[in-house]
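The values are calculated or read from the model by the stated rules, or taken from the named source; none is laboratory data. Nothing here was measured: the structure is a model prediction, and the numbers come from that model. All Cβ positions, glycine included, derive from the backbone under ideal geometry; neighbour counts span all protein chains shown. Each accessible area value is taken on the protein alone, full model and side chains, heavy atoms only, with ligands, DNA and RNA left out. Shrake-Rupley method; radii C 1.70, N 1.55, O 1.52, S 1.80 Å.
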Amino acid sequence: MKNTLFSIFGLLILLLISNILNAQNGRIEGRVFDATSNEPLPFANVVIRGSTIGATTDFDGRFRIVGLKPGFVILEATYVGYKNAVSAEVQISNAKIEYLEIPMVSFGLSLDEVEVRANPFERTEESPLSLQKLGVSEIETSPGSNRDISRVIQSLPGVGTGVSFRNDIIIRGGGPSEATFYLDGVQIPTINHFATQGSSGGPVGILNADFISSVDFYSGAFPANRGNALSGVFEFSQKEGNKERSRFRASVGASELSLTADGPAGNKSSYIFSVRRSYLQFLFDAIGLPFLPTFNDYQLKWKTRFDKRNELTIVSIGSLDQFKLNTGIKNPTEDQEYILSFLPVNEQWSYAIGAVYRHYKTNSFQTLVLSRNMLNNISYKYPENDESKPRTLDYDSYEVENKVRFENNIRYGAYKFVYMAGAEYSKYFNSTRQLLFVSNELRQIDYNSSLDLFKFQGSAQLSRSFFRDRLMLSAGLRTDASTYSSSMNNPLNQLSPRLSASYVLNERWALIFNTGRYFQLPAYTTLGFRDNNGTLVNRDNDLSYIGSNQVIGGVQFIPKQDVFFSFEMFYKSYFNYPFSLLDSISLANKGADFGVVGAEEVVSNGKGRAYGFEVLNRARLSSGLNMILSYTFVRSEFADRFDNLVASSWDFRHIVALTATQNLGRNWSIGAKWRFNGGLPYTPFDPDKSSLVEAWDAQGGPYLDYSRFNQLRFDPFHQLDVRVDKKYFFDRWSLMFYLDIQNLYNFKAIQQDNLIREKDQNGTFLTTDNGTRYQLRGIPNTAGTVLPTIGIMIEF
């Protein structure tokens, strides 16, 4: 015991001494270049933001800054005739050289006509509003997120979250299936493990935070070359591999172990690769949870620069998710029995791989993207988990997409012109056998569906500045088409124009505006649904693209370089939303639960709206404070079967998000995230239908009473997460710890009571009406508990 204490004491002394004597040996190397032509910019000035430390680029546009203190930094570049530029954020350490590329945009005007000023919150010409950016420090140290990108983005303005542990993305009152995702320009449909097919959510994100250098989030004003989204577009940019030598990072997080390697691959290439595996199944089994999930994933980026005109990037992600029920629990509680009775076994695997080739010319660059992605989803359920009985659910499905996209980005003087053309070949398969209780009778759904689709896209967007860059206008037009049906195959039916404008009143104030029409293809689960006769009933019902007309306007205020305020009002009008004939509700209200969404008969006559306003304050101060504070007021309504607008399942009304981190010095930092969501509407259970033995046994649980759709509302939800980080930077390796505590004050969200079946003393279910009905009763259902986590990361 004494030797153990001395060993621990000695280790603490060693860490303390190494921290005190830690030298400032951090180094950044990089390149400054023209964003359009990729030509190097010699003699550009590059400085660490908030300091006087910097360097000047050489004839090849390269720079080197040495003797830096470890920590997060942003670089600022200035060059005659170009707009000041800020780099992506990067974390400096003694153990490796960080490499940064800083693209700069030419003014296109004479120098005396413009006023240059760098802005870390700068938007684009196409999207002067509703665009937020997250850097490395906000990703790495986000409280309550445990370095899960899918949870990090929940702190962004306008993003609502439920009280469960899922990563559903609900933006400004839209449904959870209305966002699309890009990874280094490659579209990826699945970013969560155990994903809900037909939607976007899941319990754990696939993307590894070790890879991500920045996130661009559009909650509106989508550029024309980014389609198939109604509420959000996410652009994830990945780091490049180390150019000096191979490095490794090993991590232990809240739910998984991971190993990341990066380094050079010859003189012109670099790589970064990671694998992760969860240990949740052991934790869940130890604490007696009724389900045991296991997830695995990989992520890869390879970049080759053939010369200054040509480069190739290859990216790939993949996941393998396994799940089983913990039926071996002795003397399960009523809550455990309730979950075991309805929860199916679910197994998934997915991957996406893409190649991005870019060629630069004097005033333009061209991008060619080839990609393929696939999701395989299996789900099944035995009655009472008795494998000797026929399955009540037997589901096997896959989705495959093969895509090609060409983009040309041209800058000439004050003009910017971007056009795009793309095509996809998609294949969908579904084998479903399921018992359903509909219209007071038991029905067997039994069909196989195979669907082949071709899809086409095209867009063009022109932007131009006026009045010495005070006025910026951008107009775009996009169209999409699909061979699914004759109406979808007509590109004129999916024309989506958009217009953005921003006017700078002075160096602090600006007016911003956008309007546009956007389209999204319904989920494959809906496109490929068939009845028992094998008929594509939704095609016969003239299923259409989902449409949304949107208007956004507001004002921006930048009192000083590192502080940003904005006020935006938004209105979204939905049309052609798939409307469920089974439940008589819009599919916009579904998608935030496990399983499959959209595999049912629908008609494209659903309509709805979401409107409100958003107030945002962001600050990134030299004192080490980084803060995002937002308030969103939103109303979300969709039509019911009587064509009356009623509160949707995402009618939060009030969303408050405050995320703040503070650098305390000596490589300590502390952060907190507080979220408040107004209580969501919900639909009560139908005790009468649920008590029927045939109905209960078919589904393994109670039924919602859709005649009382969303007539009740939960109490508001709020939660405080805190995090403390400590980093040690040695000459050849780094050691990082964090303590993350979710729901610090143990808020309990009261949910709808779960309905369970009564038992007698022998464990037999009690029935009435000659054995045709179960006796049911409610048990309390709450969500939320204090969840502490310790994370360890080692770089070497």
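Extension gain for Phe747 to Arg372 (0.36 nm times residue separation, less C-alpha to C-alpha distance): 130.7 nm. Which residues does a label at Ser388 reach in region 761-789, if reach means a backbone N under 20 Å from a point 7 Å past the Cα toward the Cβ? Answer for this model: 762-765.
Close lysine pairs were tallied over region 235-325: pairs 8 or more places apart or on different chains with Cα atoms under 28 Å apart number 11. In region 719-747, whose amide N lies under 12 Å from the spot 7 Å out along Cα-to-Cβ of Trp668? List them in ranges. Counting backbone N atoms under 12 Å from the label point, the list is 724-727. At q = 0.15, 0.20, 0.22 Å⁻¹, what base-10 log of I(q)/I(0) does the Debye formula yield for region 538-602 when every alpha carbon is treated as an equal point scatterer in vacuo? The computed values of log10 I(q)/I(0) come out as -0.66, -0.86, -0.96. Under the combined filter of DSSP loop state and at most 13 neighbouring Cβ atoms within 10 Å, region 376-431 retains none of its trypsin sites (Lys or Arg not before Pro). Straight-distance candidates among the lysines for linking to Lys673, with alpha-carbon spacing under 23 Å and chain neighbours fewer than 8 residues away dropped: Lys133, Lys726, Lys727, Lys748.
Treating each Cα of region 700-796 as an identical point scatterer and summing with the Debye formula, the log10 of I(q)/I(0) at q = 0.11, 0.14 Å⁻¹ comes to -0.64, -0.78.
A compact globular protein would have a Cα radius of gyration near 2.2 N^0.38 Å; the ratio found for region 637-713 is 1.83.
Here the chain has 57 percent of its accessible surface on carbon and sulfur atoms, given a 1.4 Å probe and all protein chains in place.
Using equal-weight Cα scatterers in the Debye expression, the normalised intensity of region 47-112 in log10 at q = 0.22 Å⁻¹ is -1.00.
Under a 1.4 Å probe, what is the accessible area of the chain per residue, stated in Å²? Numbers along the way, then the final one.
Details: 32800 Å² over 796 residues.
On a per-residue basis, 41 Å².
Under 13 Å from the Cβ of Ser648, count the other residues' Cβ atoms, weight Lys and Arg +1, Asp and Glu -1, and hand me the total.
Numbers: positive: Arg172, Lys572, Lys590, Lys607, Arg609, Arg635, Arg653, Arg713; negative: Glu178, Glu637, Asp640, Asp651.
Net local charge, Ser648 excluded: +4.
When the inverse distances between all different Cα atoms of region 338-440 are averaged and flipped, the Kirkwood radius reads 17.8 angstrom. Between Leu499 and Arg732, the modelled labels are 6.4 nm apart [label points 7 Å from Cα along Cα→Cβ].
Between Phe43 and Leu257, what is 0.36 nm times their sequence separation minus the Cα-Cα distance? Round to one decimal in nm. Before the final figure, lay out the partial values.
Values: separation 214, 0.36 × 214 = 77.04 nm, distance 4.45 nm.
So the extension gain works out to 72.6 nm.
Of the Cα atoms belonging to the chain, the radius of gyration and Dmax stand at 27.1, 91 Å.
Provide the gained length on full extension for the span Asp542 to Ser584, in nm with one decimal, where the gain is 0.36 nm per separating residue minus the Cα-Cα distance. All intermediate terms of the calculation are to be shown ahead of the outcome.
Working: separation 42, 0.36 × 42 = 15.12 nm, distance 1.76 nm.
Additional length available on full extension: 13.4 nm.
For the chain, what is the percent of antiparallel DSSP beta bridges, rounded to the nearest 5?
Numbers: 313 of 327 bridges.
That works out to approximately 95 percent antiparallel.
Of the trypsin sites (Lys or Arg not before Pro) found in region 715-796, those in coil by DSSP whose Cβ has at most 14 other Cβ atoms within 10 Å are Arg732, Lys748. The C-alpha radius of gyration of region 396-485, expressed as a fraction of 2.2 N^0.38 Å, stands at 1.86. Take the Cα radius of gyration of region 252-302 and divide it by 2.2 N^0.38 Å, N being the number of residues; the result is 1.61.
Working from label points 7 Å from Cα in the Cα-to-Cβ sense, the Leu787 to Arg468 distance is 5.4 nm. Remark: spin-label model distance Ser431-Phe642 equals 4.5 nm, labels positioned 7 Å along the Cα→Cβ axis.
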